Amino acid sequence: MSVEPSGGAGESRTVVRLVGEADATTGALREALAAEAAKRPGLLLVDMSRLTFIDSSAISVVLKLHRDLRGTESVLALISPSAAVMRVLELLGADQVIPIYASADEAVNVPRGF
């Protein structure tokens, strides 16, 4: 898996692009998301369009970050998950907890407190 952040401190949105596979062996996911969340963007988007596989441990990392951001000025949303990744998100109920959008442009209107 590779992580490609864009945006930064003081910007209203940051996009973290996940590429490849995200599973129990990808500690880079936790580190990258925590680093970007620490910058407190208004909107932290996790682009999953180039993610080919995700397991429950990686989804747990994303869910924990979502919980950690509650009560802050930052909102986490997922964008463009592939069909395979979306299936896992649905099976684990993550799609009921974290907003998922087709594109970054669509996600700009994320309601606070989802």
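The values are calculated or read from the model by the stated rules, or taken from the named source; none is laboratory data. What you are looking at is a predicted structure, and each value in this text was computed from that prediction instead of being measured. Cβ sites come from the backbone with ideal geometry, for glycine too, and all protein chains shown count toward neighbours.
Observations
- Single residue of Glu106, Glu90, Glu4 found to be at pLDDT below 90, part of a helix (DSSP H, G or I) and of a type in the set (D, E, K, R): Glu106
- Looking across the stretch 36-78 at every residue that is closer than 15 Å to Ala22 by Cβ and of a type in the set (Val, Ile, Thr), the one that is farthest from the chain's Cα centre (by Cα) is identified as Thr52.
- Any hit, the stretch 87-105, residues being free of Cβ contacts under 8 Å to residues at least 12 places away in the same chain, among the polar types (S, T, N, Q) and surrounded by fewer than 17 Cβ atoms within 10 Å (Cβ to Cβ): yes
- Among the residues of the stretch 38-59, at least one is part of a helix (DSSP H, G or I), of a type in the set (Gly, Ala, Ser) and either surrounded by 15 or more Cβ atoms within 10 Å (Cβ to Cβ) or in contact with a Cys (Cβ under 9 Å, 6 or more places away or on another chain) (or both).
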